[in-house]
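Taken together, the values in this text are just the output of simple stated rules run on the coordinates, not laboratory data. Because the structure is a prediction, the values reported are computed rather than measured. Cβ placement follows ideal geometry from the backbone for every residue including glycine, while neighbour counts extend to all protein chains displayed.
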Amino acid sequence: MDDKMTTQEKITRYAVLIVFAIFFLIPMYVLISTSLKSFSEVSINTMWQLPSSISIEGFKEAFAKLAPNVLNSFYLVIPATLFSAILGSLNGYVLSHWKFKGSDTLFALILFGMFIPYQSILFPLVQFMQTIGLYGSIPGLILVHVVYGLPITTLMFRNYYQDVPDALTEAAKVDGANIFSIYRHIFFPISIPSFVVVFIWQFTNIWNEFLFAVTLTDTQSQPITVALTNLAGSQVVEWNVQMSGAIITALPTLLVYIIFGRYFIKGMLAGSVKG
Amino acid sequence: MKRKHKESLTSIAILSPSIITLAIFVYGFISRSVQISMLDWDTFANFMRKAKDYVGLENYISLFTESRFQTDLWNTLYFTLFFIIGCLAIGILLSLILNNKPRGGYFFQNLYLFPMAISFVVTGTVWRWIFAPGRLPNNPRGINLLFEQLGLQNLQWGWFTSTNSFLGFNVALIAVIIAAIWQYSGYTMAMWLAGLRGIDQQLIEAARIDGASKWQIFTKILFPIQKPITLSAIIVLAHVSLKAFALIYAMTGSGPNNVTDIPAVYMFEATFRSNRYSTGSAIAIVLLMMVGLLIIPYLVNSFKEE
């Protein structure tokens, strides 16, 4: 179709694409150039200029401050992603191929949890976590992310398994396979691509999450997103340190996006086609 | 028959960890929030002695008559409106261009989408520095400085430190809306692009041969076909805007005169900063109802279609 276009049209199109590319890159430019300035060079008057010499002072300091929180985030995200994916897969399997009376209603009730604003459960949640002794701990936060991740992971796997013909399960049943062996030998192996999509989706969402992180942790267990906002709280805002911190916070999910972009988009589209 | 029964029991057993936790974490906690919103737990003392004095809807009534909450509702309305319009306009425009597969299109597509992968907290931190670094509220520099250097002094203004408002629209929100659009317009683009790729090219070709203009093809063919996709994008974006807590928290906070406050921020401050648990819970329930008003008709509609 491209060849039918006049030169003028082509130029206009690229102009639009480039203008938006600049819009999308401005924050990246500011992030990277500021993070590579030394503290003495960080001044509002030169904020749009490139650093005169590259300094990793900011990164060093940000990393010194944030390293424990980066670790916290990994300790949180990896188990939470795994558990919510495995449970979601089992749920999706049962709800698509082992339906029982009321299972569709149950599915709707599970899905509801995906739509609620988390403010509506937040205060009772904090109290509950205090009661069971998991408040302010990473395991507590893992539990919370697994539970509130279940609706979306269940939905994603259910939609995926629904395309598997019932005849396949019926045939396996005739051969004497039970609900567990059918999952293990048929459904689990074919759903590896689906697991990749769900892993990436959950990893990104839990890494980036802020509301639970800020209300359910103490200084010891803060994930990186909370620690980043606290960097801004200090008296003198060292912008090079803050921008370095922002890059450190963004890097893991950005890498996931760069490496697994295709799966990321799949998850995004699957997560949005709700119901 | 007996086997069927046993099968259902196994199914339910597999689902039970999810059912039990969700029953508590979703339904139990929502009920608890509703209950607290009707108690008089707006002081720490009342909370501590777990007073069971029901005040009915009093917390809700005082909330809706309070100027901060009224401001919050206006802010949410305008934020949602402009955020959705911005994401749709930019996303659709970009998807139409990229759908023609221009050279380098893949690169641009990935570029427009990468903000989706990062946290609202990062977005907020960076855009705060862009719009108004330094000691606030005096004369924010940041992008104003860039305008000055480019000779565009007319474009300078207070950004999110401005307390001006126009028809209930606090203009300080514009800065936050720009940051939010930056993060989410790639999403609309991806949705539209996925839909456009599924449209039969012969249909477009036939219309073109019949002499339809590009604008006509867009309004008469593409847009109607893409209506369901657009609608789900709108629902998701509206949902995002009601929950934009992290963005506001990291970027501006509630701002002078609450110009950039939203119910989610107020809820957080009431509950976790000033021990007004009942007010906080009432705000939370209002938020839940707002989401419900948005989602339920949509869900009912999509289940009907199924």
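Tabulated values for the structure
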| read-out | value |
| --- | --- |
| Cα-based equivalent ellipsoid of the stretch B:3-113: semi-axis lengths in Å, sorted from largest, via gyration tensor | 44, 33, 11 |
| Degrees separating the helix A:138-161 axis from the principal Cα axis of chain A, which is the longest one | 60 |
| At R0 = 25 Å, FRET efficiency that the Cβ-Cβ distance of A:ILE44 and B:LEU152 yields, to 0.05 | 0.90 |
| Chain B, relative contact order in percent, only Cα pairs under 8 angstrom and at least six apart counted | 28 |
| Sites B:ILE199 and B:ALA51 - FRET efficiency at Förster radius 60 Å, r taken between beta-carbons, to 0.05 | 0.45 |
| Label point distance in nm, A:ARG184-B:ILE85, each placed 7 Å from Cα along Cα→Cβ | 5.9 |
| Shape category assigned to the stretch A:15-136 from the gyration tensor of Cα positions, a/c cut at 1.5 | prolate |
| Residues of the stretch A:67-90 with amide N under 18 Å of a point placed 7 Å along Cα→Cβ from A:GLN162 | A:88-90 |
| Hydrodynamic radius of the stretch B:34-172 per Kirkwood, over alpha carbon pairs, in Å | 19.8 |
| Rounded tilt (10° steps) of A:57-97 against the dominant C-alpha axis of chain A | 20 |
| Around B:LYS220: net Lys/Arg minus Asp/Glu count, Cβ-Cβ under 14 Å | +2 |
| Approximate spin-label separation B:VAL34-A:ALA108, in nm, with each point projected 7 Å along Cα-to-Cβ | 1.7 |
| Order of B:LEU173, A:LEU231, B:LEU77 under a 10 Å beta carbon neighbour criterion, fewest first | B:LEU77, A:LEU231, B:LEU173 |
| Most mobile listed residue (B:TRP74, B:TRP157, B:TRP182) in chain B, GNM with C-alpha springs under 10 Å | B:TRP157 |
| Cross-link partners of B:LYS243 among lysines (Cα-Cα below 18 Å; sequence separation of 8 or more within a chain) | A:LYS274 |
| Nearby lysines by direct alpha-carbon distance to B:LYS6 (threshold 19 angstrom, same-chain neighbours under 8 apart not counted) | A:LYS99, A:LYS101, A:LYS173 |
| The stretch A:126-132 - phi-based ³J(HN,Hα) in whole Hz, Karplus 6.51/-1.76/1.60, Gly and Pro as x | 4, 4, 4, 5, 5, 4, 8 |
| Taking N as its residue count, the alpha carbon Rg of the stretch A:84-229 over 2.2 N^0.38 Å | 1.22 |
| Average Cα contact separation per residue, chain A, under 8 Å, 6 or more apart, as relative contact order % | 31 |
| Overall Cα dimensions of chain B - principal axes, largest extent first, Å | 76, 75, 31 |
| Axial C-alpha extent at least 18 Å, average Kyte-Doolittle at least 0.0 - helices from chain B (DSSP) | B:2-22, B:67-99, B:173-197, B:227-242, B:277-305 |
| Amide H contacts under 5 Å for B:LEU39, placed H, 5+ residues apart | B:VAL55 |
| Degrees, to the nearest 10: A:192-208 long Cα axis against longest axis of chain A | 40 |
| P(r) tail fraction, the stretch B:180-298 - alpha-carbon pairs more than 24 Å apart, % | 48 |
| Exposed-loop-free span, longest in chain B, where trypsin sites (Lys or Arg not before Pro) count as exposed if DSSP calls them loop and at most 11 other C-beta atoms lie within 10 Å | B:136-272 |
| Among A:MET243, B:SER281, A:GLY133 - extreme Cα towards positive end, dipole of the protein assembly as shown, charges at beta-carbon | A:GLY133 |
| Extension reserve of the A:ARG262-A:THR12 stretch, reckoned as 0.36 nm per residue once the Cα distance is removed | 87.2 nm |
| Kirkwood hydrodynamic radius (C-alpha pairs) into Stokes-Einstein, the protein assembly as shown, 25 °C and 0.890 mPa s, D in µm²/s | 96 |
| Translational diffusion coefficient (Stokes-Einstein; Kirkwood radius from C-alpha pairs) of chain A at 25 °C, 0.890 mPa s, in µm²/s | 112 |
